[in-house]
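To start, the structure under review is shown below, and the notes come after it.
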Amino acid sequence: MQPPSLSAIASIAAIAAPTLLAYNVAPSSTFLNQALSFGLWGGFVMACAWTQGAAPVAWRAVAPVWAALALLGLAALWSWGPGSLPTSLGLSALATLVAAALVLHAGARAACGDRGESLFACYCAAWLVAAVLSAGAGIVQVFAPGWSDGTWIAHSSLFGRAVGNLRQPNHLSSILLWGAVALVALLELRRITLRWAAPGGALLVFAVVLSASRTGLMSVLLLALWALLDRRLLRPTRWLLLAAPGVYFLAWQAMSLWGQMGEAGEHRFGGQERLAETDISGSRFGIWANALALVRLHPWTGVGFGEFNFAWSLTPFPTRPTAFFDHTHNLPLQLLVELGLPLASLVLALLLWALARVALAVWRGGAEAGPDLLRRCALVMLLMIGLHSLLEYPLWYAYFLLPAAWVWGFALSARAAPPAAPREVVSPAGLVAGALLIAGAVLALYDYRRVTIIFAAPAGAPPLEQRIAAGQRSWFFAHHADYAAATSTMPGKSNVLEPFRRSTHYLLDTRLVTAWAEALEGSGRFDLALHLVQRLREFRNPQSEEFFQACDKGGAARPFQCEAPSRVVDWREFEELAR
């Protein structure tokens, strides 16, 4: 047996490690996973540049996706410069878009090289490793929750449901389903045998059942649809895919039976509670309706890149969902509401054009195990994450965005250029791109330390005021420090409104809105303060009950939150405070 290649090791590290990391540090529950993804993807890009051989890159093949990323970058710049998006959020968005463009190019170059099939096999093997280990974590979370320590295996906040180490059932289901597609690719490439593929596929589908993810169920059906439409797959592979819905049904029935066994509360299957939910959309229908209303209010320019939560939270919606949404949970709708109809339509057209080019190449391709097979598997992966993006926002996380960018670049460029002669030629551009990703990850980790000390102060740490002041100098995370400043009672604030300039553009929650309303009232901005009070009432969050308790008491001196607003305030008036 040959030892694992450098590319194989680097790919497993880049894909599996970020999805398996359970440890996190406040204030972000996913930052370490994403920083690890940036850094390790830099390592994979460098490994590909060192080992894949010489190959000309078909620049035109990936041009539509690059153009879409460039337009998003310009929108972020506009929202940050003339707009009110804080510098920390603007820089984070731009850095992420640049990283996606670099990885997209790396995937395109890998497809054009003489080791394209080998690199794609490494990519698939990495996803299979990530999926199998994530399935193991999910099994522990459901059947032996006491074994999850929060460091190696994350605790599940949804008792009876698997959430993986990313702590989100939909993210777990996407990992599992991408692992299933990777398993099919490896089976078709004869890198694994049916003896291992059949139980491996059953394990992944069983773990999807444990997640009780509706997106996961739809993706399992997509696997079966793939088998029906793609007659070029080997017969054992097609039967394996067609069996996936049946395995899902049997596993669901078995888990339902298991949930009814044992002492009361001893066994619990979260899928039963999902079936009992009255809102099958999980509040998505409500947030989509609100987002469409914002599109009608701002059809041409949108509310601004990264500003959906700010605009939605501050716009009156009497029947709004009570959860705090920082995303529309639908990629096209997110672009429409933030960028406006003209620009969003152009970005979506470019992305659909690129996806259609892959689909057309697959339709015209042959049945041989080569670029056509790889393209077909890559297309299914893109469709999987596209389906997920219609119901969630996985591409806002680096551990999904970067793998999607690489496989999209690969799918667009497969056989777009003649294979180079097998020879070792290092790609300077690839090495530089990988080094930039690694440097960016290290810089972000260093910068993140400025704000972690605010929320988890070690022994001997300076006073809170000094820690917040240091965090407010952060390049990428200053908004977290501002949140701490806005929601804490620090004496001697020179400008009580200053911390709200940046913190309110990240995620408006009950604690922050309450503090903001009090600061505005204390500064004489009564209309704006009362507008925030009305929005708090709309959210109907239990944490705001104490704020409104004084209104239930009698007496002449009623606090400001008990008064009725004198006029309707446009959310843009709050935007002016951040300029």
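Observations on the model:
- Cys with no candidate disulfide partner in the chain (beta-carbon separation under 4.7 Å rule): C48, C112, C122, C124, C377
- Spatial separation of Cα centroids for the stretch 319-336 and the stretch 82-111, in angstrom: 22
- Farthest positive-ward along the chain dipole, Cα basis, beta-carbon charges - from S7, A254, L36: S7
- Estimated inter-spin distance, W147 and R473, nm [label 7 Å along Cα→Cβ]: 4.7
- Just the protein heavy atoms count here, and of the accessible area of the stretch 427-579 at 1.4 Å, carbon and sulfur take up 56 percent.
- Centroid-to-centroid separation of the stretch 113-128 and the stretch 289-306 [C-alpha atoms, Å]: 41
- Average accessible surface area per residue within the chain, 1.4 Å rolling probe, Å²: 43
- Helix-only arithmetic for the chain: the sum of -39500 (n - 2.57) across DSSP H runs with n ≥ 4, divided by the residue total, places the mean residue ellipticity at 222 nm at -21000 deg cm²/dmol.
- Principal axis dimensions, the stretch 427-579 - Cα atoms, whole angstrom, descending: 73, 39, 30
- Listed residues S503, W196, F285: farthest to the positive end of the dipole of the chain (Cβ charges): W196
- Rounded to the nearest 20, the Cβ-based charge dipole of the chain about its Cα centre (Lys and Arg +1, Asp and Glu -1) stands at 1380 debye.
- Since only P145, V205, A478 are under comparison, the one whose Cα sits farthest along the positive direction of the charge dipole of the chain, derived from C-beta charges on Lys, Arg, Asp and Glu, is V205.
- Average silhouette area of the chain, convex hull of alpha-carbon atoms, in square nanometres: 29.3
The values are calculated or read from the model by the stated rules, or taken from the named source; none is laboratory data. This one's a predicted model, so the numbers in the text were calculated from it and none came from an experiment. Using ideal geometry, Cβ is built from the backbone for each residue, glycine included, and neighbour counts are taken over all protein chains shown. Heads up: the accessible areas ignore ligands, DNA and RNA and are worked out on the full protein's heavy atoms, side chains in. Shrake-Rupley method; radii C 1.70, N 1.55, O 1.52, S 1.80 Å.
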